[in-house]
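Enquirer: Take this structure, written in structure tokens, and hold onto it; I'll ask about it next.
Laboratory data are not the source of any read-out in this text; all were calculated from the coordinates shown. What you see is a predicted model; the values in this text were computed from it and never measured. Cβ sites come from the backbone with ideal geometry, for glycine too, and all protein chains shown count toward neighbours.
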Amino acid sequence: MAIASESQHGMWSSRLMFILAAAGSAVGLGNIWRFPYVAGENGGGAFVLVYLGCILLIGIPIMASEILIGRAGRQSPINTMIEVSAASNANPAWQGLGWMGALAGFTILSFYGVIAGWAISYIFQMGSGSFTGADAAFAGNAFSSFIGDVGSVVGWQTLFMAGTIYIAARGVGAGLETTVKYLMPALFFLLVILVLYAAFTSGKFLEGASFLFSFNVEKLTWDGVLIAMGQAFFTLSLGMGAIMAYGAYLPKGASILGTATTIALVDTAVALLSGMVIFPLVFANGLESSSGPGLMFVTLPLAFGQMEGGALFGSIFFILVTFAAITSSISLLEPAIAWLVEKRNASRVKAAILVGGVAWALGLGSAFSFNIWADFHLIGQMTFFDVMDYTSNNILLPLGGMLIALFAGWVMDDQMAREELDVSPGIYKTWQFLARFIAPLAVLVVFIMTVFA
Ligand code: TRP
């Protein structure tokens, strides 16, 4: 069976470009917006410890699995799963994994675009200087009245989605690669500046650090463990085929395990550094670490408002958040776009508009969750937004990741996997052990314990 050696969609021009693209996918709202607030809601240290364990034992082996399956198949996740299953004499039903991934992509993008839209708006809100000298009450009210205004929330979401569609439509080389090549280095540079700012001005740097790193395990519940695991999948972009799609464009010969480890390290560093920007500022201003999704949108404007040049730096911060979000959202569209191009022979432009348009429309439900649908509870106490966030992070991604690990570890032709990974037999066995047993069992145990504990 002959699987193409290059992808019809184009290729990354080097291993470094793949790392930037995959790190661009991984580093996003999950790191800067979501990680600090879920860590805050779940008590800090112990949560972070579980999260780090999940990155190491589940995240890295599954990321390697996604890349290797993707590179072996060289197509959209759905067709890659069909092709690699066939080459491995496995049941074609494994393509279901590709379908589930596309579904998860829409689910995630639906709320992702809304939050990213908030970030764009905050570039201007900060830049206008309206937070200069503001107090906590002002920052809180500014945020609630902003998200309460359906027109502006939908408007900014629409702008963000249009940008995502535009970049995706331009293709792998001219669109995705060009974007990550410039935005990722800029992002790292500015993050470092902000950490230094928080360290030198807040006077609470150690308090912030000890909140993140004092591992007091009593505070941990099984729900917290599930959320930490879900966060590990979300932040690494795992479990839905985004990294598989990107892996399809990775040149032969580039080391997959080394690459996966690098991406995980970069992503973890950005999450921890974001925490080290946000928590010192939270404590310096006497704010609650557990204030939920608004943490970044209330705390940071407030803190910047107190500093010299805060309007400028604050708006730069939100430019960065927007960049981080864009390099992630393009990867959420890629699996479905690639599939439409392969299956329907659609042009990339049409495919991007169609897929992005569906994600935008679904996202309206999340946009409304903060205003006209704020009292509408889809399940239990959860709004539409909450349900999208919860099901994707805590169900679809871990389940998808578990199945990807099982496929790579047990089902995929051993010779094929071995050739793709191209490592010493000892390292291969270690990866295989993690993919066969540790990663799937860990997901299973956490699922069972959250249901029964
Ligand atoms: N990892 C991104 C973040 O942390 C979000 C993301 C992009 C993602 N692509 C994904 C999450 C695919 C899950 C699957 O913001």
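Enquirer: From the list V387, V445, which one is of a type in the set (A, V, I, L, M), surrounded by fewer than 20 Cβ atoms within 10 Å (Cβ to Cβ) and touching a strand residue (DSSP E or B) at 6+ places or on another chain (Cβ under 8 Å)?
Expert: V387
Let's see how each residue does on (1) of a type in the set (G, A, S); (2) within 22 Å of L97 (Cα to Cα); (3) under 14 Å from the mean Cα position of the chain (by Cα):
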position: F200; (1), (2), (3): no, no, no
position: E207; (1), (2), (3): no, no, no
position: L212; (1), (2), (3): no, no, no
position: E218; (1), (2), (3): no, no, no
position: T221; (1), (2), (3): no, no, no
position: G224; (1), (2), (3): yes, no, no
position: A228; (1), (2), (3): yes, no, yes
position: Q231; (1), (2), (3): no, yes, yes
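Residues checked against (1) near the ligand (Cβ under 10 Å from one of its atoms); (2) of a type in the set (F, W, Y); (3) surrounded by fewer than 24 Cβ atoms within 10 Å (Cβ to Cβ); (4) touching a residue at least 40 places away in the same chain (Cβ under 8 Å):
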position: Y246; (1), (2), (3), (4): yes, yes, no, yes
position: K252; (1), (2), (3), (4): no, no, yes, yes
position: I278; (1), (2), (3), (4): no, no, no, yes
position: F283; (1), (2), (3), (4): no, yes, yes, yes
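Enquirer: Among (1) away from the ligand (no atom under 16 Å from the Cβ); (2) among the charged types (D, E, K, R); (3) within 20 Å of the chain's Cα centre (by Cα), there is one condition R74 misses while meeting the rest; what is its number?
Expert: With respect to (1) away from the ligand (no atom under 16 Å from the Cβ); (2) among the charged types (D, E, K, R); (3) within 20 Å of the chain's Cα centre (by Cα), R74 is out only on (3).
Enquirer: What pairs come out if I take residues in the range 25-45 that are under 25 Å from E66 (Cα atoms) and assigned to a helix (DSSP H, G or I) and pair them with residues that are more than 6 Å from the ligand (Cβ to nearest atom) and of a type in the set (D, E) whose C-beta lies under 7 Å away, six or more apart or interchain?
Expert: A26/D267; N31/D267
Enquirer: Would you point out the residue of the range 179-226, among those that are among the β-branched types (V, I, T) and in contact with a helix residue (DSSP H, G or I) (Cβ under 6 Å, 6 or more places away or on another chain), that is farthest from the ligand (Cβ to nearest atom)?
Expert: Of everything passing the filter in the range 179-226, V217 is farthest from the ligand (Cβ to nearest atom).
Enquirer: Select from the range 377-404 the residues that are within 13 Å of S366 (Cα to Cα) and in contact (Cβ under 8 Å) with a residue 60 or more places away in the chain and write down the one among them that is farthest from the ligand (Cβ to nearest atom).
Expert: Top of the filtered list is F385.
Enquirer: Is it the case that some residue within the range 154-162 is touching an Asp or Glu at 6+ places or on another chain (Cβ under 7 Å), among the hydroxyl-bearing types (S, T, Y) and away from the ligand (no atom under 16 Å from the Cβ)?
Expert: The answer is no, given that none of the residues of the range 154-162 is touching an Asp or Glu at 6+ places or on another chain (Cβ under 7 Å), among the hydroxyl-bearing types (S, T, Y) and away from the ligand (no atom under 16 Å from the Cβ).
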